[in-house]
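Let me begin by presenting the structure, written as structure tokens, before commenting on it.
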Amino acid sequence: MKKTSKVSTVCAVIGKYIFLIFFVFIAVGPIVWAFISSFKSYSEINSSALSWPSTFNLDNYKAAFKYAPIAKYFLNSVVIVGCSVLVTLAFVAMCAYIISRFEFKMKPLIVLLISASLMLPAQAISQPLFSIFQKLGIFDTKLGLVIVYSAMGIPMSFFVMTSYYKTISMALEESAYIDGATFLQTFWHIILPLAKPGLVTIALLQFINTWNEFYFALMLTSGDTARTIPIALNYYMGTFANNYSALFAAVVMTVLPTIAVFIILQRQVMESLTAGAVKG
């Protein structure tokens, strides 16, 4: 019986690791393949998709910068994504705290409106946004995209932060009020530091969603002034129709920032995701 139990345990462990390796391969494989292909020549890619490049040089990356304004698009993405993350954090940090802590007449209506905004498909608001932005003079501007991306990110971030605030004990705030702290002092010096993992989580989600967003970046821009990295890839598909090497180089430069940011912030994200499980 003991031998059978040990064999079952070993088989379960082996099966678990095979299962994990399989899904890691599915997730990481395409990225590794694109990275390796970014160093290949056109003939090497056509001859074998899975072969190693003969030499590792940066010629394809130089070509990506030479034939398309990728540096400008990259900078546009950094500015637009950074601003939208800051705006989302500022609004959600305050709004979610009030909703999670206080009861007032308009609370159900506010939550209902925020919930309803999650159900609106992008195509349903495309034409109104296009017309409004043209009349306001913010079409094909970074400001216009920041407004759209912030509005898109607030609803989901709101519910994430509302749930996280509920894991913070109200006794801390009550103690602060007893000691003479004001509402703003309590929120700024006690609640926000404790809510850091939740704020990092919504910042990461907003960063990834905004960095990879394509539909509004294409619809609400017409030139190089405010276009972002995903639009650059679309540009490469036309420009580099016969140069897949430069296309792979562009793909690698596009996905690396999101991977790097997630690696840096993954600890805070995991703390936020597990906070509810250890409440109380």
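The values are calculated or read from the model by the stated rules, or taken from the named source; none is laboratory data. These figures come from a predicted structure and were not determined experimentally. FYI the Cβ positions are ideal-geometry reconstructions off the backbone, even for glycines, and counts take in every protein chain you see. The area values use the complete protein model at the heavy-atom level, side chains included, leaving out ligands, DNA and RNA. Shrake-Rupley method; radii C 1.70, N 1.55, O 1.52, S 1.80 Å.
It is to be established whether one or more residues within the stretch 209-217 are among the charged types (D, E, K, R) and touching a residue at least 60 places away in the same chain (Cβ under 8 Å). Can you show your working first?
Looking only at the stretch 209-217, we keep the residues that are among the charged types (D, E, K, R), and these are 213.
Pick out the ones that are also touching a residue at least 60 places away in the same chain (Cβ under 8 Å) and you get 213.
Yes, the stretch 209-217 contains a residue that is among the charged types (D, E, K, R) and touching a residue at least 60 places away in the same chain (Cβ under 8 Å).
So which of S41, S5 is small (G, A, S) and modelled with pLDDT under 80?
Working: S41 fails: modelled with pLDDT under 80.
From the options S41, S5, the qualifying one is S5.
Looking at (1) without any contact (Cβ under 8 Å) to a residue 60 or more places away in the chain; (2) of a type in the set (F, W, Y); (3) under 23 Å from V255 (Cβ atoms), which is the one condition that is false for Y61?
Here Y61 meets the rest and fails (1).
Could you check, for the stretch 210-222, whether at least one of its residues is under 30 Å from I168 (Cβ atoms), open to solvent by less than 70 Å² (accessible area, probe 1.4 Å), out of contact with any Cys (no Cβ under 8 Å at 6 or more places or on another chain) and at pLDDT 85 or above? Break it down into steps so the answer makes sense when it comes.
Narrowing the stretch 210-222 to residues under 30 Å from I168 (Cβ atoms): 210-211.
Now drop any that are not open to solvent by less than 70 Å² (accessible area, probe 1.4 Å), which leaves 210-211.
If we keep only those that are out of contact with any Cys (no Cβ under 8 Å at 6 or more places or on another chain) as well, we get 210-211.
Now drop any that are not at pLDDT 85 or above, which leaves 210-211.
Checked the stretch 210-222: at least one residue is under 30 Å from I168 (Cβ atoms), open to solvent by less than 70 Å² (accessible area, probe 1.4 Å), out of contact with any Cys (no Cβ under 8 Å at 6 or more places or on another chain) and at pLDDT 85 or above.
Looking only at the stretch 234-260, which residues are open to solvent by 40 Å² or more (accessible area, probe 1.4 Å), modelled with pLDDT under 80 and assigned to a helix (DSSP H, G or I)?
So in the stretch 234-260, the residues open to solvent by 40 Å² or more (accessible area, probe 1.4 Å) come out as 234-235, 237-239, 241-244, 251, 255-256, 259-260.
Now restrict to residues that are modelled with pLDDT under 80: 234-235, 237-239, 241-244.
Answer for the stretch 234-260, where residues must be open to solvent by 40 Å² or more (accessible area, probe 1.4 Å), modelled with pLDDT under 80 and assigned to a helix (DSSP H, G or I): N234, Y235, M237, G238, T239, Y244.
What residue, among those in the stretch 8-28 that are within 24 Å of A249 (Cβ to Cβ) and open to solvent by less than 80 Å² (accessible area, probe 1.4 Å), is modelled with the highest pLDDT?
Residue satisfying both the conditions and the ranking: V28.
Please work out if P193 is surrounded by fewer than 15 Cβ atoms within 10 Å (Cβ to Cβ) and part of a helix (DSSP H, G or I). Don't jump to the end; show me each part of the working.
Values: surrounded by fewer than 15 Cβ atoms within 10 Å (Cβ to Cβ): yes; part of a helix (DSSP H, G or I): yes.
Spelling it out, P193 is indeed surrounded by fewer than 15 Cβ atoms within 10 Å (Cβ to Cβ) and part of a helix (DSSP H, G or I).
Out of (1) over 19 Å from M152 (Cβ atoms); (2) at pLDDT 85 or above; (3) not aliphatic (A, V, I, L, M), what's the single condition that is false for Q206?
Among (1) over 19 Å from M152 (Cβ atoms); (2) at pLDDT 85 or above; (3) not aliphatic (A, V, I, L, M), the lone unmet condition for Q206 is (1).
Starting from the stretch 134-154, take each residue that is on the phi > 0 side of the Ramachandran plot and list its partners that are surrounded by 20 or more Cβ atoms within 10 Å (Cβ to Cβ) and part of a helix (DSSP H, G or I), counting only C-beta distances under 9 angstrom and pairs at least six apart or across chains.
Here the result reads D140/F133, each pair linking the stretch 134-154 to a residue that is surrounded by 20 or more Cβ atoms within 10 Å (Cβ to Cβ) and part of a helix (DSSP H, G or I).
Mind counting the residues in the stretch 160-172 that are part of a helix (DSSP H, G or I) and without any contact (Cβ under 8 Å) to a residue 40 or more places away in the chain? Even if it seems obvious, please write down each step before you answer.
Start the filter on the stretch 160-172 by keeping residues that are part of a helix (DSSP H, G or I), which leaves 160-165, 170-172.
Filter once more, so that each one left must be without any contact (Cβ under 8 Å) to a residue 40 or more places away in the chain: 171-172.
The total comes to 2.
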